[in-house]
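Let me begin by presenting the structure, written as structure tokens, before commenting on it.
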Amino acid sequence: MRDDVRAKLERLPPDERVLLRPLVETSRTFYVVTALLAAVSLWGVFAYYLQVRYGLGRTGLNRPSYWGIYIICFVFFIGISHAGTLISAILRVSKAEWRRAITRSAELITVLVIGFGAIQPIIDMGRPDRVMNVLLHAQLLSPLLWDVTSIGLYFFSCTIYLYVPLLPDLAIIRDSGIKAPWLYRILAAGYRDTPVQRARLERVIGVLSIVVIPIAVSVHTVIGWIFAMTLRPMWHSTIFGPYFVMGAIYSGIAAILIAMVVLRRAYRLEQYFKPVHFDYLGRLLLVFSLLWFYFTFAEYLTAFYGGEPGEMRAFWAKLTGPFAIPFWTMVAGCFVIPLALMSRQATRTPRGTLIAGIAVVIGMWLERYNIVVPTSVNPRWEIESIGQYLPSWIELSIMSATFSGFILVYMVATKFVPIVSIWEIKEGREDVKEVADRVAGYLPNATVSGAGAD
Amino acid sequence: MTRWGMVIDLDRCMGCAACEVACKSENNIATVSPDQADRGRTNSWMKVMAHVEGEFPHTEMQFYPRPCMHCDNPPCIKVCPVAATYISDEGIVGQIYARCIGCRYCANACPYMVKYFNWYGPEWADSELQHLNPDVSVRSVGVIEKCTFCHHRLQKAREEARAEGRELREEDYQPACAEVCPTAAIVFGDLDDATHRVAELKEDPRVHRLMEDLGTQPKVYYLRARE
């Protein structure tokens, strides 16, 4: 850090000083991790080059396993992207005051991961050079087209939903002059935090946080429908839309928790990501682990009770057959581990939620594996099949590159925007009285006036 | 209205797979290496499936030659994001190779597993190259391909009939599999034309279609083997 920047930083109020420090101060560890992630990402690009050069034959895909790692990752990453927007929108709409420190990091996950999810079906295409055909020859009866529409709208609205609440912070950075003045002059778009601008900003955020909720729900519903609209055993199920939405939010909360633990440690944000945040989000994770069990149980019981031979082949392949290991690992990761850890106050700590979060993320990846692969290798028509799908090193490299690429851009983003919303924290400090009045106003025979009246 | 369809008499089928071979050479389907075949990448628009019932030694075997069913209500068409798979006015389900993006959604949607994918580009030995059928386009890497009821033969037959100033006759248009079948188990024609044999055969008491309960309305009918 240069001395003049340090002096400027030291002159800032306490919140700004802590939260803007990562923008101007970068540790050696950061560079090392960035370099490693960049190397893995480039390796993935090389693997993709080979796939494009020679064809999808370089993957482990076959007939009847037409879909594999890429489609699993597509569902998984778009699922993670539900973290941010949905959680932050719901917390804003419900006026949960404890949201203030976590909205930004969550919204950032959404916008950055969605692109990594959306490219997966393109990586999966036999002819990626013809991707524009999806627009030129759009066939609207195809669930894939519903996806293109829904994800496009989602990306657009989430980007606005990230950017608008960023404006006051971008103006703060611009005014502090600690980093790239020209860049933040453009990004802040003339925001001066006048009362009129602030009122408009809050109104736009209010509208957006309601609008993005149905869009987010539609996205993963439609992804579930890609499978559900076919006649295939264990795919053709009405529960898939809501099941996928629930799973997406679940994996999203887990991803936020992991990100929060890492950020808290790396940028010394203990004062912002407090035990109470992990406690509350941990309770949310607990609720979703129970919901996950409910949906999964309902889905499998219905298939089992009906006992249709085609369904049963896929069913037993998962429970006791060749997919028993991924299936029961999924049950452990999505249900047993988070339930055990999150139902006790003593383990709803940063460390406990980190373990539960990692278990859920792995479990939810496996859930998508258990949806895509066992049905693929057990088609209704029992053909001469090699009966398995083993991903090739090309697919595994591209998957690793997707993970590291996402983490990389997230890390780089923390160097350009404060990972905790400065103005929302300040607003929270100023609003303590107002909030107390509001809460008092909920009670019967309250005589408090002002903001508490709504 | 013409509706092209097929009736396959399982009582006559002896599993010789001549239909499979004829199909491959007619439609320029490249063979793959043994290694690729082991990995489930063989393409076979017409495939003689063997259905075994019972435990050894009391087994019964039934052959099912299986082309595309050319469904009247094809699940593959609805799911295609770019309308690369279509059903013609005369009921033939086709694939536009030049438009297909290779997402393989149709392959997953087809309950009969008749949509094949080009995992690699096709390869032929020099000696084979000169024997390719000039009437059938060679598919590129990364696209889906499928049985077309040899509709290039229909186009040719139509032109010839027009040149000779006459109506199209039943025997003018026969797909390669039907033409080559040594026991005449595969019968092809217009299901809606009472003078065609398929129209009569599809009323046979032995008739059934594959997975009829799915509502796909296949235009390939099978006649059960006699007891």
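For this structure, a couple of remarks:
- Flag if residue A:358 is part of a helix (DSSP H, G or I), surrounded by fewer than 23 Cβ atoms within 10 Å (Cβ to Cβ) and more than 9 Å from every other protein chain (Cβ to nearest Cβ): yes
- Of the residues making up segment A:50-71, those that are in a helix (DSSP H, G or I) and either surrounded by fewer than 24 Cβ atoms within 10 Å (Cβ to Cβ) or out of contact with any Phe, Trp or Tyr (no Cβ under 6 Å at 6 or more places or on another chain) (or both) are A:50, A:51, A:52, A:53, A:54, A:57, A:58, A:69, A:70, A:71.
- Given (1) crowded, with 21+ Cβ neighbours inside 10 Å; (2) out of contact with any His (no Cβ under 7 Å at 6 or more places or on another chain); (3) at pLDDT 95 or above; (4) not acidic (Asp, Glu), index of the condition residue A:314 fails: (3)
- Some residue of segment B:41-52 being within 14 Å of chain A (Cβ to nearest Cβ), surrounded by fewer than 16 Cβ atoms within 10 Å (Cβ to Cβ) and touching a residue at least 24 places away in the same chain (Cβ under 8 Å): yes
- Against the test of being free of Cβ contacts under 8 Å to residues at least 40 places away in the same chain and either in contact with a Ser or Thr (Cβ under 9 Å, 6 or more places away or on another chain) or among the charged types (D, E, K, R) (or both), the options A:175, A:124, A:147, A:169 yield a single qualifying residue, A:175.
- When we screen B:120, B:105 for residues that are closer than 30 Å to residue A:147 by Cβ and surrounded by fewer than 20 Cβ atoms within 10 Å (Cβ to Cβ), the only hit is B:120.
- Counting only residues that are assigned to a helix (DSSP H, G or I) and exposed (fewer than 14 other Cβ atoms within 10 Å of the Cβ), segment A:18-37 holds 6 of them.
- Among the conditions (1) more than 30 Å from residue A:19 (Cα to Cα); (2) not in a helix (DSSP H, G or I), the only one that residue A:95 does not satisfy is (1).
- From the list A:84, A:79, A:60, the lone residue that is under 19 Å from residue A:262 (Cα atoms) and out of contact with any strand residue (DSSP E or B) (no Cβ under 7 Å at 6 or more places or on another chain) is A:84.
- Yes/no for residue A:142 being under 29 Å from residue A:403 (Cα atoms), modelled with pLDDT under 95 and hydroxyl-bearing (Ser, Thr, Tyr): no
- Scanning segment B:96-127 for residues that are of a type in the set (A, V, I, L, M), away from chain A (no Cβ under 11 Å) and either touching a residue at least 60 places away in the same chain (Cβ under 8 Å) or touching an Asp or Glu at 6+ places or on another chain (Cβ under 8 Å) (or both) yields a total of 0.
- Subset of segment B:81-95 [more than 9 Å from chain A (Cβ to nearest Cβ) and either more than 16 Å from residue B:147 (Cβ to Cβ) or surrounded by fewer than 24 Cβ atoms within 10 Å (Cβ to Cβ) (or both)]: B:86, B:87, B:88, B:89, B:90, B:91, B:92, B:94, B:95
- In the set A:129, A:124, only one residue is crowded, with 21+ Cβ neighbours inside 10 Å and among the charged types (D, E, K, R); that residue is A:124.
- Sole residue being within 21 Å of residue A:225 (Cα to Cα) and among the small types (Gly, Ala, Ser), chosen from B:98, B:83: B:83
- Residue match in segment A:386-403 (condition: over 17 Å from residue A:69 (Cα atoms) and within 14 Å of another protein chain (Cβ to nearest Cβ)): yes
- Any hit, segment B:136-158, residues being closer than 30 Å to residue A:58 by Cα and of a type in the set (Lys, Arg): yes
- Filter pass, residue B:68 being more than 11 Å from every other protein chain (Cβ to nearest Cβ) and buried (at least 18 other Cβ atoms within 10 Å of the Cβ): yes
- Extreme residue, farthest from residue A:432 (Cα to Cα), among residues of segment A:92-110 that are hydrophobic (A, V, I, L, M, F, W, C) and surrounded by 21 or more Cβ atoms within 10 Å (Cβ to Cβ): A:109
- Within segment B:198-221, the residues that satisfy the criterion of being β-branched (Val, Ile, Thr) and away from chain A (no Cβ under 14 Å) are B:198, B:207.
- Checking residue B:226 against (1) away from chain A (no Cβ under 14 Å); (2) over 30 Å from residue A:308 (Cα atoms), the condition it does not meet: (2)
The values are calculated or read from the model by the stated rules, or taken from the named source; none is laboratory data. Small disclaimer: the values here were computed from a predicted structure and weren't measured. Note that we place each Cβ from the backbone using ideal geometry, even for glycine, and neighbour counts take in every protein chain shown.
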